[in-house]
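Asks: Could you have a look at this structure, given as structure tokens, before my questions?
The values are calculated or read from the model by the stated rules, or taken from the named source; none is laboratory data. Remember, predicted model here, so these are calculated numbers, not experimental data. Methodologically, a virtual Cβ is constructed for each residue, glycine included, from the backbone with ideal geometry; neighbour enumeration extends over all protein chains shown. These accessible areas exclude ligands, DNA and RNA; they are computed on the full protein's heavy atoms, side chains included. Shrake-Rupley method; radii C 1.70, N 1.55, O 1.52, S 1.80 Å.
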Amino acid sequence: MSKIALVVGASGIAGSNLAESLIAKGWETYGLARTPNKEITGLKPVAADLLDMNSLKSALLEVKPTHVYITTWMRNDTEAENIRVNSLMVRNLLAVLSEKKSVEHVALVTGLKHYLGPFEAYAKEGFLPETPLREEHPRLEMENFYYAQEDEVYAAAKRDGFTWSIHRPHTVIGKAVGNAMNLGTTLAVYATICKETGRMFKWPGSAAQWNGLSDVTDANILAEHLIWASTTKTAKNEAFNIVNGDVFRWSRLWKRIAAYFDVESLGFEGKIQSLEKELANDTQVWQQIAKKHSLKEENLSRLASAWHTDLDLGRPIEVMTDMSKSRKLGFTIYQDTEESFFELFERLRAAKLIP
């Protein structure tokens, strides 16, 4: 039977890079989103609202996927609402697909909030996990929409007989516009603003993140991991961490990024300095930069997600992720993290998203 992929959230960082990888490997690939991605050659767009069953049924009427990749979520004001909305999106999708009896595997992308806690209690004192983070760490005793999403996948798998995989990346580095969590592009935009205005490229995070070890997940590595787990027998019905495979210190990388953009960097100086506050008054500044350099996106908020960058870089502990489980089962792909950032910056330039 031929492989037919349905990428849910195909306009985001994880989904768009996954769709490109699947198409390159010869898969028939559908991309579902409220506003479908029409820039990827060979991707079959599906416009649907995951919260609307009628919308889903209509949009997926002729689609019978063998492999489903859920890479999307919706941000809400509270974790209780995150749980309600994001579990409903997964439940609705799998209920509609259940009637087709075509699904062989469902892969769900979550993240390190599985170990660090939800946004409301994100890596706060009292909830700090042991690092490196390992898949066998138990769930935290608090509400978390990732757990609710997982439970929906488990329940549907039991009902319909498909296999599943859970993928927990660290911060995903890749090209996307309008993404809710986009640290790489956020830093590129911030550095560009510093360059144009003569400001210093100031470290916004904590001492622990500045001095400690960290890792990230290249969107291409995540894509390869998703495809590997969904097509490898020994990887079925398992949860996996997925990161590049190296570790780095922000104290080095920050200076390297500053040098790339030819700006002066400033490291940790005793307290957290919010990037969200730093960029709060730069909406018009970015519009001017975009017009000056004929960039494709004048809306700063569609490129920069400073609130999430603050969460990531403000954590009170160093965070790195164990990859032993995937390695033992045969996933050996590796990515140099500095190259991930610089390759992203080149893609952003080529796409006329930064000067």
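Asks: Could you list, in sequence order, the residues of the stretch 1-41 that are without any contact (Cβ under 8 Å) to a residue 24 or more places away in the chain and among the small types (Gly, Ala, Ser)?
Replies: Ala24, Gly26, listed by residue number.
Asks: Also, quick follow-up: Among the residues of the stretch 184-197, are any among the β-branched types (Val, Ile, Thr) and within 28 Å of Phe331 (Cβ to Cβ)?
Replies: Yes: the stretch 184-197 contains one or more residues that are among the β-branched types (Val, Ile, Thr) and within 28 Å of Phe331 (Cβ to Cβ).
Asks: Within the stretch 79-98, is even one residue under 26 Å from Ala155 (Cα atoms), of a type outside the set (Val, Ile, Thr) and not in a helix (DSSP H, G or I)?
Replies: Initial filter on the stretch 79-98 (under 26 Å from Ala155 (Cα atoms)): 79-98.
Next cut, of a type outside the set (Val, Ile, Thr) only: 79-82, 84, 86-89, 91-95, 97-98.
In the following step, the residues that additionally are not in a helix (DSSP H, G or I) were identified as none.
No, the stretch 79-98 has no match at all.
Asks: Then there's this: Being in contact with a strand residue (DSSP E or B) (Cβ under 7 Å, 6 or more places away or on another chain) and in a helix (DSSP H, G or I) narrows it down to one of Phe345, Phe341, so name that one.
Replies: Phe341
Asks: Identify, please: which residue in the stretch 91-120 is β-branched (Val, Ile, Thr) and within 16 Å of the chain's Cα centre (by Cα) and is, among those, farthest from Met142 (Cα to Cα)?
Replies: Of all residues in the stretch 91-120, those β-branched (Val, Ile, Thr) come to 96, 103, 106, 109-110.
Narrowing the set further to residues that are within 16 Å of the chain's Cα centre (by Cα) leaves 109-110.
On the way: Val109: 20, Thr110: 16 Å.
Among residues in the stretch 91-120 that are β-branched (Val, Ile, Thr) and within 16 Å of the chain's Cα centre (by Cα), the one farthest from Met142 (Cα to Cα) is Val109.
Asks: Tally up the residues in the stretch 89-114 that are more than 25 Å from Phe240 (Cβ to Cβ), without any contact (Cβ under 8 Å) to a residue 40 or more places away in the chain and hydrophobic (A, V, I, L, M, F, W, C), please.
Replies: 0
Asks: Shifting gears a bit: Residues of the stretch 134-147 being open to solvent by less than 20 Å² (accessible area, probe 1.4 Å) and either among the acidic types (Asp, Glu) or not in a loop (DSSP other than H, G, I, E, B) (or both), which ones?
Replies: Answer for the stretch 134-147, where residues must be open to solvent by less than 20 Å² (accessible area, probe 1.4 Å) and either among the acidic types (Asp, Glu) or not in a loop (DSSP other than H, G, I, E, B) (or both): Phe145, Tyr146, Tyr147.
Asks: Against the conditions (1) within 25 Å of Met323 (Cα to Cα); (2) touching a strand residue (DSSP E or B) at 6+ places or on another chain (Cβ under 6 Å), where does Tyr154 fall short? Just the number, please.
Replies: Only one criterion in (1) within 25 Å of Met323 (Cα to Cα); (2) touching a strand residue (DSSP E or B) at 6+ places or on another chain (Cβ under 6 Å) is unmet by Tyr154, namely (2).
Asks: Then there is this: Considering only residues that are under 15 Å from Ala107 (Cα atoms) and either at pLDDT below 95 or touching a helix residue (DSSP H, G or I) at 6+ places or on another chain (Cβ under 6 Å) (or both), which ones fall in the stretch 30-58?
Replies: Gly31, the sole residue that qualifies.
Asks: Out of all the residues in the stretch 311-327, is one or more at pLDDT 95 or above, of a type in the set (Asp, Glu), part of a loop (DSSP other than H, G, I, E, B) and open to solvent by less than 40 Å² (accessible area, probe 1.4 Å)?
Replies: Yes, the stretch 311-327 has at least one match.
Asks: While we're on this one: Determine which member of the set Gln284, Gln273 is farther than 15 Å from His167 by Cβ and crowded, with 16+ Cβ neighbours inside 10 Å.
Replies: The match here is Gln273.
Asks: Please give the helices (runs of 4 or more DSSP H) falling wholly within the stretch 160-260 in which 2 or more residues are open to solvent by less than 10 Å² (accessible area, probe 1.4 Å).
Replies: By residue number, 183-197, 219-231.
Asks: Moving on. Restricting attention to the stretch 177-213, which residues are at positive phi and in contact with a helix residue (DSSP H, G or I) (Cβ under 8 Å, 6 or more places away or on another chain)?
Replies: Going through the stretch 177-213, the residues at positive phi turn out to be 178, 198.
Gly178, the sole residue that qualifies.
Asks: Within the stretch 115-129, does at least one residue satisfy the condition of being over 27 Å from Lys158 (Cα atoms) and touching a strand residue (DSSP E or B) at 6+ places or on another chain (Cβ under 8 Å)?
Replies: Checked the stretch 115-129: at least one residue is over 27 Å from Lys158 (Cα atoms) and touching a strand residue (DSSP E or B) at 6+ places or on another chain (Cβ under 8 Å).
Asks: Applying the selection to the stretch 274-287, what residues are without any contact (Cβ under 8 Å) to a residue 60 or more places away in the chain and outside any loop (DSSP other than H, G, I, E, B)?
Replies: Passing the criteria: Glu276, Lys277, Thr283, Gln284, Gln287.
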